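The structure appears right after this line, and notes come after that.
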Amino acid sequence: MSRALKFLMFIYFVVFLTTGTFMVLIVNADDSSAPWINLLARNHGIVFVWHLACWMTLGMFSNYYWDLFNMGKGLDAVQVERIILPLLVSPIVFYPTYNLWLSSSSQSYILFEVIAFQSGFFWQALFTKAKPLDNATVIPWSVNNGGTRSAQAKPVGGSTAVN
């Protein structure tokens, strides 16, 4: 592995462990906690968003390593260029998880951490399925599925003249 990749991994794990430690402190905070812990508890959303982003990034890296090891390669075959693409699309992948957390009334943080990891792990499925529809005339789940055009083409009585 290159020196730059090792440094980035170190920074990632420092942020991941720091936000995780802060989340443990926030969840266990009460009125008698230190003032800086109460400040963290009041701003727990900022800390948790960073923590969720770390979980999603961990899912993306896990997917990359999973594919790498399934091809029979080791950590020495890691290519930084192949890791950049998931990081570029990470805001698109993270946005639904973030909105789900914002709209939820659940206090279960582990649920959203698992969802963030899963979103990161399956990020490729989102982009491989995202392509234009070839036959967009009949879509069973849409409101306008092409049924009005075929109804206009048929005669009202439904009978045809036979010679």
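The values are calculated or read from the model by the stated rules, or taken from the named source; none is laboratory data. Not measured: the values here are computed from a predicted model. Virtual Cβ from ideal backbone geometry, glycine too; neighbours counted across all protein chains shown.
If you check every pair at least six apart or on different chains, which have Cβ atoms under 7 Å apart with a residue in the stretch 17-32 that is closer than 12 Å to G45 by Cα first and a residue that is surrounded by 15 or more Cβ atoms within 10 Å (Cβ to Cβ) and aliphatic (A, V, I, L, M) second?
T19/V47; F22/L40; F22/V47; M23/V47; I26/L40; I26/A41; I26/V47
Select, from Y95, Y64, the only residue that is hydroxyl-bearing (S, T, Y), part of a helix (DSSP H, G or I), over 24 Å from K6 (Cβ atoms) and without any contact (Cβ under 8 Å) to a residue 60 or more places away in the chain.
Y95
Report, by residue number, each residue of the stretch 57-89 that is hydroxyl-bearing (S, T, Y), touching a Phe, Trp or Tyr at 6+ places or on another chain (Cβ under 8 Å) and crowded, with 16+ Cβ neighbours inside 10 Å.
Residue satisfying the conditions is T57 alone.
Run I37 past the list (1) in contact (Cβ under 8 Å) with a residue 12 or more places away in the chain; (2) closer than 24 Å to S103 by Cα; (3) of a type in the set (A, V, I, L, M) and report the number of the one that doesn't hold.
(2)
Only one of (1) assigned to a loop (DSSP other than H, G, I, E, B); (2) modelled with pLDDT of 80 or more is not met by L102, so which one is it?
Looking at each condition in turn, L102 falls short on (1).
Based on what the data block shows, is F48 at pLDDT 90 or above, touching a helix residue (DSSP H, G or I) at 6+ places or on another chain (Cβ under 9 Å) and closer than 23 Å to I11 by Cα?
Taking the combined requirement at face value, the residue satisfies it.
Filter the stretch 4-56 for residues that are hydroxyl-bearing (S, T, Y) and farther than 22 Å from S104 by Cα; which is surrounded by the fewest Cβ atoms within 10 Å (Cβ to Cβ)?
Once the filter is applied, the top-ranked residue is S32.
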